[in-house]
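**Q** Before I ask anything, here is the structure I am working with.
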Amino acid sequence: MQLVAGIVQLLIFQHLALLMARAKPLNDVSSLYTYASKCNGSITSIMSQIHSLIMDMHLKAKERFDTYADCQNFHSVDISTVCHAQHHEFFTFSVNSTSSEEEKLSELYKIFQYMNTAVGNITQDQMNLNPRNRILHLQLNTSKTEIAAVISNLSCVLGKRYNVPKVDVYYNVSAKQKTMEKKKKGCKVLRKYKHFLKKAAEITSDWEMKVEDTQEPSTR
């Protein structure tokens, strides 16, 4: 996928990647004003990039979920039961086509921050449970990189256009789990993530734009 130049800011990306790698609870997310001051490019082009990134992630989500399930020896007949998450267990994407732009951005930010930590924890578990499966590790690490890119762009728009100081995000840390519980939890999270990406791609479809429309009108 061809990335729009200048959208993903290096300093922001590096900071988020470090937070993601530590996979710690979301109780000290930095102020969005910090990120807004480092943003370059037009808001319109950044929002278009958000949609492009989400669409690309959506198209790859099924393959990555299938890879994870196969590595846990979960067969297709198991998925509907073993990997089914109850409604109250995970995040809810509570926006629709009539929601305001700020509401969409805030909800996307919350869920991607949640997934930032969740995928980080899944990756750590799989490094121990499947230490030799390089394909799985590569896909999980790639997902973390993509999530960090989306978060950096969402931070730019929320801080720069809407002056949102912060968005509260909570991640419940589970008690020590047995091997099978870890495998099931990861499967549930990644399955929910796959469905979320489909809806997120639809919700942000009107942010997509043509290359010739990337310049915002000048103000005088």
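**Q** Could you say whether any residue in the stretch 73-94 is among the charged types (D, E, K, R), open to solvent by 20 Å² or more (accessible area, probe 1.4 Å) and closer than 23 Å to residue 170 by Cβ?
**A** Taking every residue of the stretch 73-94 in turn, at least one turns out to be among the charged types (D, E, K, R), open to solvent by 20 Å² or more (accessible area, probe 1.4 Å) and closer than 23 Å to residue 170 by Cβ.
So that you can scan it fast, the table gives a plain yes or no per residue for (1) touching a residue at least 24 places away in the same chain (Cβ under 8 Å); (2) over 14 Å from residue 152 (Cα atoms):
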residue	(1), (2)
47	yes, no
58	yes, yes
68	yes, yes
73	no, yes
76	no, yes
86	no, yes
92	no, yes
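**Q** A follow-up question, please. List pairs: first residue in the stretch 117-132 and at pLDDT below 95, second residue open to solvent by 40 Å² or more (accessible area, probe 1.4 Å) and assigned to a loop (DSSP other than H, G, I, E, B) anywhere in the structure, Cβ distance under 8 angstrom, at least six positions apart or on different chains.
**A** 117/24; 117/25
**Q** Say we look at the stretch 142-168 and pick out the residues that are closer than 10 Å to residue 109 by Cβ and aliphatic (A, V, I, L, M); which of these is farthest from the chain's Cα centre (by Cα)?
**A** Ranking the candidates gives 164 first.
**Q** Let me ask another. With respect to residue 135, determine if the residue is open to solvent by 50 Å² or more (accessible area, probe 1.4 Å), among the aliphatic types (A, V, I, L, M) and touching a residue at least 40 places away in the same chain (Cβ under 8 Å).
**A** In short, yes.
**Q** Here is a further query. Against the conditions (1) buried (at least 21 other Cβ atoms within 10 Å of the Cβ); (2) outside any helix (DSSP H, G or I), where does residue 156 fall short? Just the number, please.
**A** It fails just one condition, (2).
**Q** Whether any residue in the stretch 119-133 is among the aliphatic types (A, V, I, L, M) and within 12 Å of the chain's Cα centre (by Cα) is what I want to check.
**A** Among the residues of the stretch 119-133, at least one is among the aliphatic types (A, V, I, L, M) and within 12 Å of the chain's Cα centre (by Cα), which makes the answer yes.
**Q** Here is a further query. Can you name the residue in the stretch 95-121 that is of a type in the set (A, V, I, L, M, F, W, C) and in a helix (DSSP H, G or I) and, of all such residues, is farthest from residue 65 (Cα to Cα)?
**A** Looking at residues that are of a type in the set (A, V, I, L, M, F, W, C) and in a helix (DSSP H, G or I), I get 105.
**Q** Quick check: is even one residue across the stretch 194-205 among the hydroxyl-bearing types (Ser, Thr, Tyr) and in contact with a Leu (Cβ under 8 Å, 6 or more places away or on another chain)?
**A** Yes, the stretch 194-205 contains at least one residue that is among the hydroxyl-bearing types (Ser, Thr, Tyr) and in contact with a Leu (Cβ under 8 Å, 6 or more places away or on another chain).
**Q** Right, another one. Among (1) assigned to a helix (DSSP H, G or I); (2) under 20 Å from residue 192 (Cβ atoms); (3) β-branched (Val, Ile, Thr), where does residue 92 come up short?
**A** (1)
**Q** Here is a follow-up. Need pairs with beta-carbon distance below 7 Å; first residue more than 14 Å from residue 53 (Cβ to Cβ) and within the stretch 189-211, second in a helix (DSSP H, G or I) and aromatic (Phe, Trp, Tyr); sequence gap 6+ or separate chains.
**A** 190/65; 190/68; 191/65; 194/65
**Q** Quick check on this structure: which one of 32, 108, 26 is touching a Leu at 6+ places or on another chain (Cβ under 8 Å) and modelled with pLDDT under 85?
**A** On inspection, the qualifying residue turns out to be 32.
The values are calculated or read from the model by the stated rules, or taken from the named source; none is laboratory data. Please read these numbers as outputs of a predicted model, since none were measured by experiment. We place every Cβ from the backbone using ideal geometry, glycine too, and count neighbours over all the protein chains shown. Calculation scope for accessible area: heavy atoms of the full protein, side chains included, ligands and nucleic acids excluded. Shrake-Rupley method; radii C 1.70, N 1.55, O 1.52, S 1.80 Å.
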